[in-house]
Amino acid sequence: MDEETGRINDTIASNNDDRDKVLATVAGAVVDFMEDHPGAILYAEGSTPARTRLYQMGISKFWDEISEDFKIDGFANGGWKPFTKGENYESFLLKLK
């Protein structure tokens, strides 16, 4: 919540060192959602390029675990392709294998 405007703002950086906790919470919510909706395709993009990069770093860090159950594509250079560690993407599609 932006204290000045009273509105929710997802681009504010709180700098309270809870990044990993937030990412773990989001990952848990994704797993729960996909289990309840196995045919769904989830689209993910950060609210800023830096946040999209943060998502990519999280995917790369846990790629061995993630890739067991999920297929992830990344969008770059105008098209979708299978996620590859070390490449930069603008957004992601995730679905159960």
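Return the residues of region 63-89 that are in a loop (DSSP other than H, G, I, E, B) and free of Cβ contacts under 8 Å to residues at least 12 places away in the same chain; say none if nothing qualifies. So that I can check it myself, show each step before the final result.
First, the residues of region 63-89 that are in a loop (DSSP other than H, G, I, E, B): 77-78, 83-89.
Within region 63-89, Asn77, Gly78, Thr84 qualify.
Give region 32-58 a look and list any residue that's in contact (Cβ under 8 Å) with a residue 12 or more places away in the chain and of a type in the set (A, V, I, L, M), or say none.
Scanning region 32-58 gives Met34, Ala40, Ile41, Leu42, Ala44, Leu54.
What is the residue count in region 27-52 for residues that are surrounded by 13 or more Cβ atoms within 10 Å (Cβ to Cβ) and under 20 Å from Asn9 (Cβ atoms)?
Going through region 27-52 one residue at a time, the tally reaches 5.
Could you please tell me which pairs satisfy a Cβ distance under 8 Å, a separation of 6+ or placement on different chains, a first residue in region 1-19 that is under 16 Å from Thr48 (Cα atoms), and a second residue that is at pLDDT 70 or above and surrounded by 10 or more Cβ atoms within 10 Å (Cβ to Cβ)?
Ile8/Asp2; Asn9/Asp2; Asp10/Ser47; Thr11/Ser47; Thr11/Thr48; Ile12/Asp2; Arg19/Leu54
Taking the condition at pLDDT 95 or above, surrounded by fewer than 14 Cβ atoms within 10 Å (Cβ to Cβ) and at positive phi, does Gly78 pass?
Values: at pLDDT 95 or above: yes; surrounded by fewer than 14 Cβ atoms within 10 Å (Cβ to Cβ): yes; at positive phi: yes.
For Gly78, the condition - at pLDDT 95 or above, surrounded by fewer than 14 Cβ atoms within 10 Å (Cβ to Cβ) and at positive phi - is met.
The values are calculated or read from the model by the stated rules, or taken from the named source; none is laboratory data. Please read all numbers here as calculations on a predicted model, not as lab measurements. Note that each Cβ is placed from the backbone with ideal geometry, even for glycine, and that neighbours are counted across all protein chains shown.
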